[in-house]
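Student: Take a look at the following structure, please.
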Amino acid sequence: MTVALAAAATCLLPGARAHAQAWPTKPVTIVVPFAAGGTTDVLARALGEKLGAALGQPVIVENRGGAGATIGADYVAKAAPDGHTLLMGAVHHTIATSVYKKLGYDFQKSFSPITTVALVPNVLAVSAATPAKDVKELVALIKAAPHKFSYGSNGAGTAQHLIGTQFAATVGQPLLHVPYKGSGPLTTDLLGGQVSMSFDTVTPVLPHIKAGKLRALAVTTARRSSSLPDVPTLQESGFAGFDIGTWFGVLAPARTPADVVARLNAEMVKVIQSPDFHKRMQDIGAEPIGNTPAQMAEQIAADTARFAKLVADHKITTD
């Protein structure tokens, strides 16, 4: 029996090696769970452009926005675990876990983390037509006209939603939450005055801030953004305890072969650590990371627990 088992195992080994060598056998798709034009989309395309050359197959970016990034995540969770369909996930998914009560997937169990691509600060931005020149003046405007102000987000259960809820609670005045399918339509409405403010990542609003069409009042991380060094943090503006940024990373469906995950991690980290990618990240206000699958899994677990408390404390729902 032992000899037979050994022979069977030996027969399987060439096949396993062939699988590792053969993958990928077709184009690889990175699903972006937001509309085109936002940070998730920009990062996926910047990564995919270099990754395709390394893998020897085209890397296609597919936008599947809606429901706070959960529609795209659900699609990838149910995809074949063969390494050809990936998710550009984000911190939003660790928040959505507590906000959406009937998700068709478990973010910690339905995916195999590959690597965190970058961390991007969020920024409180308003139209240049808004009289407020800093957070103190904005708070005064809000208190003088309750129920008049609104903020946009990339959907219920996203980091922007959480930040906006926490900001409104600290101010002590309600702010109307207006969810969008992504940063592109949100930024368009912010520029047009359809929403009063946003707490989006730096990337989609940075060109408009530099052009003078939007005004950055504060960043939501504990440290200032290197791309907006003169903009104070919310903590510096009198909002103690604010330290929320947005990380973005790639995940595969659970049960994706370990050798495929390892290859994806190795190739992606090479891209992320390259000088060209670093320069691209600097231009959009992002900090490149490129960690291991285990480190990304630890980050997901820690953030899921951290944000579950904030969601409960602020009674955040999808309503």
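The values are calculated or read from the model by the stated rules, or taken from the named source; none is laboratory data. Here the structure is a predicted model, which means the values were calculated and not measured. Positions of Cβ are generated from backbone atoms using ideal geometry, with glycine treated the same way; all protein chains shown enter the neighbour counts. Note: areas computed on protein heavy atoms with side chains; ligands, DNA, RNA excluded. Shrake-Rupley method; radii C 1.70, N 1.55, O 1.52, S 1.80 Å.
Student: Cβ-Cβ under 9 Å, sequence separation 6+ or interchain: first residue in the range 82-97 and farther than 19 Å from T318 by Cα and touching a residue at least 24 places away in the same chain (Cβ under 8 Å), partner surrounded by 24 or more Cβ atoms within 10 Å (Cβ to Cβ) and of a type in the set (S, T, N, Q). Which pairs?
Tutor: M88/T40; G89/T40
Student: Kindly list, by first and then second residue, each pair from a residue in the range 198-210 that is free of Cβ contacts under 8 Å to residues at least 12 places away in the same chain to a residue that is open to solvent by 10 Å² or more (accessible area, probe 1.4 Å), limited to pairs with Cβ atoms under 9 Å and residues at least 6 apart or on different chains.
Tutor: So the pair list comes out as P207/K213.
Student: May I ask you to say which residue of K136, K148 is basic (K, R), open to solvent by 50 Å² or more (accessible area, probe 1.4 Å), over 30 Å from L264 (Cβ atoms) and modelled with pLDDT of 95 or more? Explain how you work it out, then say what you get.
Tutor: Details: K148 fails: modelled with pLDDT of 95 or more.
Exactly one residue qualifies, and that residue is K136.
Student: Might you let me know whether the range 250-263 holds any residue that is among the small types (G, A, S), closer than 25 Å to F107 by Cβ and in contact with a Phe, Trp or Tyr (Cβ under 9 Å, 6 or more places away or on another chain)?
Tutor: Of all residues in the range 250-263, those among the small types (G, A, S) come to 252, 254, 258, 262.
The next check asks that each one be closer than 25 Å to F107 by Cβ; those that pass are 252, 254, 258, 262.
Remaining after also requiring in contact with a Phe, Trp or Tyr (Cβ under 9 Å, 6 or more places away or on another chain): 252, 254.
Looking for residues that are among the small types (G, A, S), closer than 25 Å to F107 by Cβ and in contact with a Phe, Trp or Tyr (Cβ under 9 Å, 6 or more places away or on another chain), one finds at least one in the range 250-263, hence yes.
Student: Search the range 266-281 for residues being among the hydrophobic types (A, V, I, L, M, F, W, C) and either over 9 Å from A54 (Cβ atoms) or out of contact with any strand residue (DSSP E or B) (no Cβ under 8 Å at 6 or more places or on another chain) (or both), and hand back the single one that is surrounded by the fewest Cβ atoms within 10 Å (Cβ to Cβ). Steps first, answer last, please.
Tutor: Going through the range 266-281, the residues among the hydrophobic types (A, V, I, L, M, F, W, C) turn out to be 266, 268-269, 271-272, 277, 281.
So of that shortlist, the ones also either over 9 Å from A54 (Cβ atoms) or out of contact with any strand residue (DSSP E or B) (no Cβ under 8 Å at 6 or more places or on another chain) (or both) come out as 266, 269, 271-272, 277, 281.
Numbers: A266: 12, V269: 18, V271: 21, I272: 23, F277: 23, M281: 23.
Selected residue: A266.
Student: Another question about this same structure. Just one of S112, S198 is of a type in the set (S, T, Y) and either open to solvent by 10 Å² or more (accessible area, probe 1.4 Å) or closer than 24 Å to L86 by Cα (or both); which is it? Break it down into steps so the answer makes sense when it comes.
Tutor: Details: S198 fails: either open to solvent by 10 Å² or more (accessible area, probe 1.4 Å) or closer than 24 Å to L86 by Cα (or both).
Exactly one of S112, S198 is of a type in the set (S, T, Y) and either open to solvent by 10 Å² or more (accessible area, probe 1.4 Å) or closer than 24 Å to L86 by Cα (or both), namely S112.
Student: If the requirement is being within 19 Å of the chain's Cα centre (by Cα) and surrounded by fewer than 24 Cβ atoms within 10 Å (Cβ to Cβ), which of these qualifies: T233, T165?
Tutor: Working: T233 fails: within 19 Å of the chain's Cα centre (by Cα).
So the residue among T233, T165 that is within 19 Å of the chain's Cα centre (by Cα) and surrounded by fewer than 24 Cβ atoms within 10 Å (Cβ to Cβ) is T165.
Student: Return the residues of the range 104-133 that are more than 30 Å from G212 (Cα to Cα), out of contact with any His (no Cβ under 8 Å at 6 or more places or on another chain), touching a residue at least 24 places away in the same chain (Cβ under 8 Å) and part of a loop (DSSP other than H, G, I, E, B); say none if nothing qualifies. Working first, answer last.
Tutor: Step one: of the range 104-133, the residues more than 30 Å from G212 (Cα to Cα) are 104-116.
Restricting the remaining residues to those that are out of contact with any His (no Cβ under 8 Å at 6 or more places or on another chain) gives 104-106, 108-116.
Narrowing the set further to residues that are touching a residue at least 24 places away in the same chain (Cβ under 8 Å) leaves 104-105, 108-116.
Of everything in the range 104-133, those that are more than 30 Å from G212 (Cα to Cα), out of contact with any His (no Cβ under 8 Å at 6 or more places or on another chain), touching a residue at least 24 places away in the same chain (Cβ under 8 Å) and part of a loop (DSSP other than H, G, I, E, B) turn out to be G104, Y105, Q108, K109, S110.
Student: Do we have any residue at all in the range 292-306 that's within 19 Å of the chain's Cα centre (by Cα), open to solvent by 40 Å² or more (accessible area, probe 1.4 Å) and farther than 22 Å from A118 by Cβ?
Tutor: yes
Student: Could you check, for the range 182-199, whether at least one of its residues is charged (D, E, K, R) and in a loop (DSSP other than H, G, I, E, B)? First the steps, then the outcome.
Tutor: Restricting attention to the range 182-199, the residues satisfying the condition of being charged (D, E, K, R) are 189.
Add one more test, that the residue is in a loop (DSSP other than H, G, I, E, B), and what stays is none.
No, there is no match, as no residue in the range 182-199 is charged (D, E, K, R) and in a loop (DSSP other than H, G, I, E, B).
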